[in-house]
Amino acid sequence: MKQNRTQADQNRSAALPDPDDFDESLAELDGANEDVRRLRPLTVLELLTESAQPLTLAQLAGLMRVPKSTLMRLLQSMEKHGYVLHMPAERGFVAGPRSNTLALKTLRGTNMRRACRAVLRNLVNKLGETCNLTVPDAGRVLYVERVETSEPLRMHLPLGTWVPMHCTASGKLFLASMSLLERQSILSRQVLARHSPHTITDRQELEAELARNMKRGIGIDNEEFVRGMIAVSVPVNGPDGKVVAAIACHAPTARMSLDNLFDNVTQMRTAAELIQDILYPKAA
């Protein structure tokens, strides 16, 4: 039987998930069931993504019915790997950037991958330049789908390639869309390495550039990752409006200018909306 909730449980904010909504097996998390214990990280992510506000250690421990000391060790490990983010001033925990990647990878079945590739192929046919679908992954940019231009002069990046955030169009878009805390957390663990003469390596200069990117709603790489290559990216949003992926189009400066790429942004945004519908199909 489900245990009766305490008065403190009953007084919780309505924005918090109701522990009685979870399977009874989750109420036994403090027991000896090894399979259920292994589900704790997923349960943490489920609670954080369902909550309208950050959840404190005490709130999570109460909802999961586990000792705070045990849960704290788990949260520290999840934060280290980017799955949760600890808000300042004891305001609690929220889902981290890597949880978005996990959700997107879960959604990316074979049919979805083919559908996303078809959208990119149609976009490449219109723009004539290589287009990519990228996601943020633990402080880097991961290429999850790509359609190449037929032009002989192009940059080859195979699927599964990781590239830096601070000097790529997708990466700067992801950084610009983050909260200040999340962005500072990621940048504090990175060296702003110089990849070309145009790479921004000064933290204040990068913040100013990200503010400009945020105002435009796009990401821009002006020969910052590879000399002679430029790129523009647009966001793919999740159902909550948060940026979960990006479509990026890049081209050599010998064939395109940034102004030329800016002219393609409207068509790229249309493709991003199609990708969003593929990744998060609306209920009939």
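The table below gives the values:
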item: Least to most buried among 150, 233 (fewest other Cβ within 10 Å first); result: 150, 233
item: Length released on extending from residue 154 to residue 80, taking residue separation times 0.36 nm less the Cα-Cα span; result: 23.0 nm
item: Per residue Cα convex hull volume in Å³ - calculated over the range 101-279; result: 108 Å³
item: Exposure proxy order (Cβ contacts within 10 Å, fewest to most) of 277, 240; result: 240, 277
item: Potential extension, residue 69-residue 37 segment - 0.36 nm per residue separation minus Cα distance; result: 10.1 nm
item: Volume of the Cα convex hull of the range 197-256, divided per residue and given in Å³; result: 89 Å³
item: Packing-based exposure ordering (other Cβ within 10 Å, fewest first) of 99, 257; result: 257, 99
item: Sites matching trypsin sites (Lys or Arg not before Pro) across the range 179-284 that sit in DSSP coil, with at most 16 neighbouring C-beta atoms within 10 Å; result: 189, 194, 227, 242, 255, 282
item: Intensity falloff of the range 135-203 expressed as log10 I(q)/I(0), Debye formula with alpha-carbon point scatterers, at q = 0.11, 0.22, 0.24, 0.28 Å⁻¹; result: -0.31, -1.02, -1.14, -1.34
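Read-outs: derived from the displayed coordinates by stated rules, not from any lab. Because the structure is a prediction, the values reported are computed rather than measured. Note that we place each Cβ from the backbone using ideal geometry, even for glycine, and neighbour counts take in every protein chain shown.
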